[in-house]
Amino acid sequence: MIQKSSSEVKRLNKSAIFKYLILVIALLLLWIVPSMMINYIMRSREPNMKELQWLVAIVFRPRDYWKDLVNTEIDVRQKGFVKRIEFINKYPGVYSMKINYADFKRRAVDKPPLHYNTRKGILKLQVNFYVKEALAQSYTFHRSFSDFIDINRFHLGYYQCPALLPMNTPITCEIKVIEPDEILYHNYGPVNFCLGASQYSMPYNIGQDKVNDYSLAVSNDGTAWAWGWNGEYQLGDGSYNDRYIPTRVKGPKGKGYLTGITALAAGNGYNLALKNDGTVWAWGWNGDGRLGNGKSSYSYNGNYYSTPVQVKGPEGIGFLTDVKAIAAGDLHSLALKRDGTVWAWGDNNHFPLGEYYGQRLHHVPVQGLRGKEFRAGITAIAAGFYFSMALMKDGTVWAWGLNGNGQLGYTPKLKNLDESRLPMQVNGLGGSGILTGITAIAAGQGHSMALRNDGTVFAWGWNGNGQLGDGSKTDRHTPVQVRGPGDEGYLTGVIAIATRPAHTLALKKDGTVWAWGDNEWGQLGDGTQTERLTPVQVKGPAGSGFLTGVTDIEAGEGHSLAFRSDGTVWAWGHNNHGQLGIGSFDYYPHPTPVQVKMPGPGPWSSGANR
């Protein structure tokens, strides 16, 4: 055996260390140099998109590099108060900009929390972006503030450029107070706004609130398909890439594909799927434990799953089984078992889980609605933003959680009560009696919908864009009946409803689709971008005639879907991430239906529990 001298061993160790050092330096350079080149290009001249795409391919993924441009304060006490922020774009290639956040500073510790003043704890602003003095984007911001924790920071509005902006482009951001809030000012003082802009951002990184800028569908063979935005891995295909045509959801750990699907539910950057064996699967963003797989995540960023994981059983033992319906809210999830019990997981702030005294976050299911009156009596569930709903066999509706806009649909005994730990029975029209005869329910972000057995529709809660369909923009704390087209009579003949934050869809038994509410991106499908306070009929392709033969509907953040009896799928509205499924993305409204490029003849459905 040959023995090496100690000096020779030291020399070999030094050589190995030197080689490792060279490798680390080379890897760092592969990351740093392209980043420096991107920064140089962006700061020195108008960028060439091919250059950027080549560099981004090396760096793997661009960062957003948001720069704070302007800080200003708004006195939210004054109705009609207008603040204009004017500046010249100094960043060549700016692709997007937004009001990055609004901070509130509590003025004194002895001031009561806002949930004691909910009726006045409402703020409504209009945010307009002007480029070269021409209106480029307009948003209406409307929110009720339930407590000081909720209003520390939030996004207010975005401006999306259809192309890269050149240097020295004049830009104006205008903020107008539509509904003032004296209580908010009294507790927190002026609101501090910060306008930010991005030096560069590739197309899939921009857009307005992307909560539901994607689409889901179930095939008759039990497979799940998804397309659109994939920034939270919510398409379930094992990647982070947006998809402009439907892609099949993969199986657990990326092996094979998810099969046996009977229902789908889309939440805030995540999805739930119900299989025919009664098990529940989830994928996407796991912030606050909304996937229910037992993984702890107490941070806002949470963790991400690009392929499905199975929802655990109570206390994390085994898996949830014997489920017949699912619902996905913004931050929490619900499951209805065949024995009529409701199970919930995720964020329990404001008590949307129906679990009254437990911890704030639940990463595995807990049982809600434990009262005797709910045992084996629940037939359907729905989940919104921090609130939940349940439909009973007797046709009554119960709701619990956040109530800042009246989305629980009852008149509280205590004035200004903005949340309920206990399920409350939804009142009848005008707060009189109890709402009865209901066959289907749907939850928006701050409003609720109900379909009655006579084909009429009822709504309550936030109405900032007319999504309640009663001909007004007034919030309703108890149900109102959806009016008919042109505000004449009432909408009838409805067999299905779907809703999202600011617009609502209704499917009639004759196969036609009707819509009302926000129409900024043409999501109402009536050929315009005009907000509608009462139902309008969805046009046919290219605006010819009307869409007919529809058997199922679904609403996204700024787009809508319709599934026809001939197996085709149609979409309209926003397409900034390819959520319309036409094979490309763009930043223009599509106010009439376009055909989704489905991979087969179908039939297809939304997968909603109906």
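The values are calculated or read from the model by the stated rules, or taken from the named source; none is laboratory data. Everything numeric here is computed off the predicted structure, so don't read it as measured data. Cβ coordinates were reconstructed from backbone atoms using ideal geometry, including for glycine residues, and neighbour counts include every protein chain displayed. Areas reflect the complete protein model, heavy atoms only, side chains present, ligands, DNA and RNA absent. Shrake-Rupley method; radii C 1.70, N 1.55, O 1.52, S 1.80 Å.
Per-peptide packing, taken as the mean over residues of other Cβ atoms within 10 Å, places 529-539, 430-440 in the sequence 529-539, 430-440 from highest down. Legend: residues Met424, Met392, sorted from most to least accessible area (1.4 Å probe; ligands, DNA and RNA excluded), read Met424, Met392. Ligands, DNA and RNA aside, Ile178 has an accessible area near 50 Å² when probed at 1.4 Å. Karplus-derived 3J(HN,Hα) values for the range 434-448, using 6.51 cos²θ - 1.76 cosθ + 1.60 with θ = phi - 60°, are 10, 6, 10, x, 7, 10, 8, 10, 8, 10, x, 6, x, 9, 10 Hz; glycine and proline are entered as x. Taking the accessible area of the range 243-383, probe 1.4 Å, and keeping the other protein chains in place, the carbon and sulfur fraction comes to 48%. Applying 1/(1 + (r/R0)^6) with r as the Cβ-Cβ distance of Thr321 and Lys393 and R0 = 25 angstrom yields a FRET efficiency of 0.65. Here's how it looks for Ala608: its modeled amide H is under 5 Å from those of Leu264, which are all 5 or more places away or on a different chain. Packing, taken as the mean count of other beta carbons within 10 Å per residue, orders the peptides 314-323, 229-238 from highest to lowest as 229-238, 314-323. The residues of the range 487-545 expose on average 34 square angstrom of accessible surface per residue, using a 1.4 Å probe on protein heavy atoms.
Within the accessible area of the range 483-539, the carbon and sulfur atoms contribute 44%, probe 1.4 Å, all protein chains present. Note on Ser15 and Lys295: the extension gain reaches 96.5 nm, defined as 0.36 nm multiplied by sequence separation minus the Cα-Cα distance. Basic side chains Lys and Arg get +1 at the Cβ, acidic Asp and Glu get -1 at the Cβ, and with that the dipole of the range 373-518 about its Cα centre reaches some 240 debye. When the pairs Lys539/Lys597; Lys83/Lys473; Lys250/Lys597; Lys275/Lys393; Lys83/Lys132 are compared against a 21 Å limit on Cα-Cα distance, Lys83/Lys473; Lys275/Lys393 fall above it.
Protection proxy ranking for 570-581, 465-476, using the average of other Cβ atoms within 10 Å per residue and placing the highest first: 570-581, 465-476. Here the calculated FRET efficiency for Gln425 and Lys132, from their Cβ-Cβ distance with R0 = 45 Å, stands at 0.25, rounded to the nearest 0.05.
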